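Encoded as C-alpha cells, the structure appears first; notes follow it.
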Amino acid sequence: MKRATLRDIAQAVGVTVATVSRALKDYPDIGSATKQAVLAAAERLHYAPHPLAVKLRQKAYKVVGVVVPQIVHPFFSGVISGIVDVAEAQGYHVILSQSDESYEKEIRVTQMLQATGVDGLLVCLSDQTVDVAHLQALQAYDLPVVLFDKISSALDASTVVTNDFQGAYDATAHLLAQGLTRVAHIKGPAHPENTRQRYAGYLAALAAYGLPPRPEYVAECQHVVHAEGFAFAQQFMALPEPPQAIFAVTDAVAVGALMALRQAGLRVPQDVALVGFSDWAVCELLDPPISSVAQPGYEIGRQASELLLREIQQLRDDEPVAHAHRVLDATLRVRQSSLRAADFSPAVR
C-alpha cells in the first residue's frame, strides 16, 4: 500500500500542505476545527510519518540532499564545496549521493533522499535523464528541487548553469582566429542540455567565420571519458584531410585526445591544436598545458544552494515559490596546447 502523504491529507481537508504540517505538530496558530479535521483525515488515511524523518525533526535537523553524477570529480567537488558552505552557514546539513550517470539510479537516490526527510534537493541530472517525472512527483509533495549544470526545461524549477554556448563559441573562435579552419569537435551525448549548448556554440563560431560544418569532423561521446577522446582523435587523424585543431566537450576527453596525438607522433599545438572544457587543475600540469574553458563550479554550488534555501523558506512561510534561472560566465583559459609555437608566451594562461 502506498504511504499516505501530507499532500493526501491536505487534499482531503481542503487546506495547504503547510497547514497540515502545522496542525500535526499542534502549532498554536492553527484553529482547533482545522486541527480536528486534519487529525481525522490522517487517521482515516492511515497516515504515519516516516520514522527517520521523525528523528530528524526531533533533533531539529535541517537537511538538504545533493545528487551529482560523480562525487569524486574535479568540477563537482568545487560545486559541492559551494553548496556546503552556504548550507552550513544557514544551519543545514548536507547529504551527498551520486547517480553514476544512471537514470535508474538517479530515481532511486532522489526517492531515498525524500524518504529520509530532506527539506529540499539539489540535482545535476545524469547523462541518461530525459524524463523528469520522478522529480515532478517530488515537487508535487512540496519538496523543492533546484537543478544545476545539467538541467531540463521540462521541469519547472530554479536552475544554475554555466554559459556553455558562449564558452564553446569562444574556444572555437580562438582556434579559428589563428587561421585554423579545419576544427573538429568531440561532442557529448545528445540529451544533456549542457553538451548540446557546447555543440551549438561550436557551430555558431564556424558560421561566424563563414565555414560550413563538416560531419566527418564531429564525433559523439556516449560516456564522456578519456578512452573516447583517444579513439576519436585517432579517427580524425586517419581522415584524408585531418583537422588542424580539436575542441573537446570536457577535459577528460581532451586528455584522451592528447594521448592519441602524442602516440601518433604529432606535436601539440604545432601539428594539431587542442582545447578542452571545465579547466581541471590537471590541465596546467600536462605537457603541453591544455587550454580549457573554465566553469565557476564553486559559484554554481553557492548560488544553487542559496536558491534552494530560499524556496524552502518560502514553503515554510506558505508563500508562492519563485523560481530563478541563473547563467554564469564561462572563461577561456588559453595555454600552450591551442597556440602555434611562435605565438606561445609563458605569460598566457
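The values are calculated or read from the model by the stated rules, or taken from the named source; none is laboratory data. Keep in mind the model is a prediction, meaning the values are calculated, not measured. Glycine also receives a Cβ, built like all others from the backbone with ideal geometry; neighbour counts cover every protein chain displayed. Heads up: the accessible areas ignore ligands, DNA and RNA and are worked out on the full protein's heavy atoms, side chains in. Shrake-Rupley method; radii C 1.70, N 1.55, O 1.52, S 1.80 Å.
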| query | Within segment 253-285, how many residues are open to solvent by 20 Å² or more (accessible area, probe 1.4 Å) and without any contact (Cβ under 8 Å) to a residue 40 or more places away in the chain? | reply | 10
| task | Quick one: residue 143 ticks every box in (1) at pLDDT 95 or above; (2) in contact with a helix residue (DSSP H, G or I) (Cβ under 9 Å, 6 or more places away or on another chain) except a single one, so which number is it? | result | (1)
| query | Among (1) closer than 20 Å to residue 170 by Cα; (2) crowded, with 23+ Cβ neighbours inside 10 Å, which single condition is residue 296 missing? | reply | (2)
| message | Checking the structure you have, find out if any residue of segment 331-344 is in contact (Cβ under 8 Å) with a residue 24 or more places away in the chain, open to solvent by less than 30 Å² (accessible area, probe 1.4 Å) and within 22 Å of the chain's Cα centre (by Cα). | response | no
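Among the residues of segment 70-89, count how many are hydrophobic (A, V, I, L, M, F, W, C), assigned to a loop (DSSP other than H, G, I, E, B) and either in contact with a strand residue (DSSP E or B) (Cβ under 8 Å, 6 or more places away or on another chain) or modelled with pLDDT of 95 or more (or both). Spell out how you get there, then give the answer.
Of the residues in segment 70-89, the ones hydrophobic (A, V, I, L, M, F, W, C) are 71-72, 75-76, 79-80, 83-84, 86-87, 89.
Applying the additional criterion that residues be assigned to a loop (DSSP other than H, G, I, E, B) yields 71-72.
Add one more test, that the residue is either in contact with a strand residue (DSSP E or B) (Cβ under 8 Å, 6 or more places away or on another chain) or modelled with pLDDT of 95 or more (or both), and what stays is 71.
Qualifying residue count, segment 70-89: 1.
For the subset of segment 1-44 comprising residues that are over 17 Å from residue 138 (Cα atoms) and of a type in the set (Val, Ile, Thr), which member is surrounded by the fewest Cβ atoms within 10 Å (Cβ to Cβ)? It would help to see each step written out before you state the result.
We begin by selecting, within segment 1-44, every residue over 17 Å from residue 138 (Cα atoms); these are 1, 12-15, 19-20, 22-44.
Okay, now just the ones that are also of a type in the set (Val, Ile, Thr), so 13, 15, 19-20, 30, 34, 38.
Details: 13: 18, 15: 18, 19: 22, 20: 28, 30: 18, 34: 16, 38: 24.
In this case the residue turns out to be 34.
Report yes if residue 165 is among the aromatic types (Phe, Trp, Tyr), surrounded by 24 or more Cβ atoms within 10 Å (Cβ to Cβ) and within 21 Å of the chain's Cα centre (by Cα), otherwise no.
On the way: among the aromatic types (Phe, Trp, Tyr): yes; surrounded by 24 or more Cβ atoms within 10 Å (Cβ to Cβ): no; within 21 Å of the chain's Cα centre (by Cα): yes.
Answer is no for this residue.
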| field | Test set (1) in contact with a helix residue (DSSP H, G or I) (Cβ under 8 Å, 6 or more places away or on another chain); (2) under 30 Å from residue 65 (Cβ atoms); (3) open to solvent by 10 Å² or more (accessible area, probe 1.4 Å) - residue 327 fails condition number | value | (1)
| Any chance segment 176-190 includes a residue that's under 21 Å from residue 226 (Cβ atoms) and surrounded by fewer than 18 Cβ atoms within 10 Å (Cβ to Cβ)? | yes
| query | Quick one: residue 216 ticks every box in (1) buried (at least 18 other Cβ atoms within 10 Å of the Cβ); (2) out of contact with any strand residue (DSSP E or B) (no Cβ under 7 Å at 6 or more places or on another chain) bar one, so which box is it? | reply | (1)
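Considering 190, 171, 208, 260, which residue is within 30 Å of residue 122 (Cα to Cα) and either among the polar types (S, T, N, Q) or over 20 Å from the mean Cα position of the chain (by Cα) (or both)?
Numbers: 190 fails: either among the polar types (S, T, N, Q) or over 20 Å from the mean Cα position of the chain (by Cα) (or both); 208 fails: within 30 Å of residue 122 (Cα to Cα); 260 fails: within 30 Å of residue 122 (Cα to Cα).
Matching residue, one of 190, 171, 208, 260: 171.
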| note | Of the residues in segment 96-152, those that are over 20 Å from residue 195 (Cβ atoms), open to solvent by less than 50 Å² (accessible area, probe 1.4 Å) and among the hydroxyl-bearing types (Ser, Thr, Tyr) come to 97, 110, 116
| request: Please verify whether segment 44-63 includes one or more residues that are at pLDDT 85 or above and under 30 Å from residue 101 (Cβ atoms). | output: yes
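Which is modelled with pLDDT under 95 and out of contact with any Ser or Thr (no Cβ under 8 Å at 6 or more places or on another chain), of 310, 302, 316, 267?
Sole residue among the options that is modelled with pLDDT under 95 and out of contact with any Ser or Thr (no Cβ under 8 Å at 6 or more places or on another chain): 316.
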| query | Looking only at residues in segment 82-95 that are in contact with a Lys or Arg (Cβ under 7 Å, 6 or more places away or on another chain) and under 17 Å from residue 298 (Cβ atoms), which one is most open to solvent (accessible area, probe 1.4 Å)? | reply | 85
